[in-house]
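All remarks here apply to the structure that follows.
The values are calculated or read from the model by the stated rules, or taken from the named source; none is laboratory data. In this text, all values refer to a predicted model and were calculated from it rather than measured experimentally. Please note: Cβ atoms are built from the backbone with ideal geometry, for glycine as well, and neighbour counts cover all protein chains shown.
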Amino acid sequence: MTIQEILAQVDELTPNTYSAQRKLQWLSDLDGRLYRELIQPRAGAERFYWPEEGYDSDEQELLAPPPYGADLYLRYLQARIAAENGEIHRYAQYSALFNQAYAEFAAWYARDHMPLQRGRWRL
């Protein structure tokens with residue numbers, strides 16, 4: 001899923017006044033979290049690309065693949081928008097949906113990618 005696709009989806013479902021650049025930064029922050037917490041500590045991390053300085057184009061692919069990515073990114077942006085707008089109840093709802101999507105992605109990724117071996121144990 002590209003950044004452009006998720007931005008179009010969130011703007012259609014959650015009207016807001018935030019710039020594409022602001023939402024691009026939020027997506028970059030989330031992908032940084034996904035990369036550091038879930039992808040980097042496991043085998044296969046070299047197949048993923050995440051720019052340390054953040055995304056600079058809305059044509060780039062996001063890290064979480066379908067079917068996990070669509071809900072994960074959508075709910076994250078909706079939660080961020082609600083938080084910035086001070087909509088506490090909506091924020092709580094979107095955060096719960098995001099946390100569920102994050103957990104589903106994390107579980108899938110952990111099932112399919114072995115943890116990196118760090119050091120050797122000798123008895």
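Side notes on the structure shown:
- Conditions (1) under 18 Å from residue 6 (Cα atoms); (2) modelled with pLDDT under 80: number failed by residue 115: (1)
- Among the conditions (1) over 26 Å from residue 113 (Cα atoms); (2) assigned to a helix (DSSP H, G or I); (3) modelled with pLDDT of 95 or more; (4) of a type outside the set (A, V, I, L, M), residue 17 misses just one, which is (2).
- Residue in region 56-63 that is touching a Phe, Trp or Tyr at 6+ places or on another chain (Cβ under 7 Å), in contact (Cβ under 8 Å) with a residue 12 or more places away in the chain and within 21 Å of residue 1 (Cβ to Cβ) present: yes
- Residue that is farthest from residue 87 (Cα to Cα), among those in region 10-31 that are surrounded by 17 or more Cβ atoms within 10 Å (Cβ to Cβ), free of Cβ contacts under 8 Å to residues at least 40 places away in the same chain and out of contact with any Leu (no Cβ under 7 Å at 6 or more places or on another chain): 28
- Residues (within 14 Å of the chain's Cα centre (by Cα), surrounded by 17 or more Cβ atoms within 10 Å (Cβ to Cβ) and among the small types (Gly, Ala, Ser)) located in region 44-90: 64, 69, 70, 79
Residue by residue, here is whether (1) in a loop (DSSP other than H, G, I, E, B); (2) among the small types (Gly, Ala, Ser) holds:
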{"residue": "5", "(1), (2)": "no, no"}
{"residue": "22", "(1), (2)": "no, no"}
{"residue": "57", "(1), (2)": "yes, yes"}
{"residue": "79", "(1), (2)": "no, yes"}
{"residue": "89", "(1), (2)": "no, no"}
{"residue": "94", "(1), (2)": "no, no"}
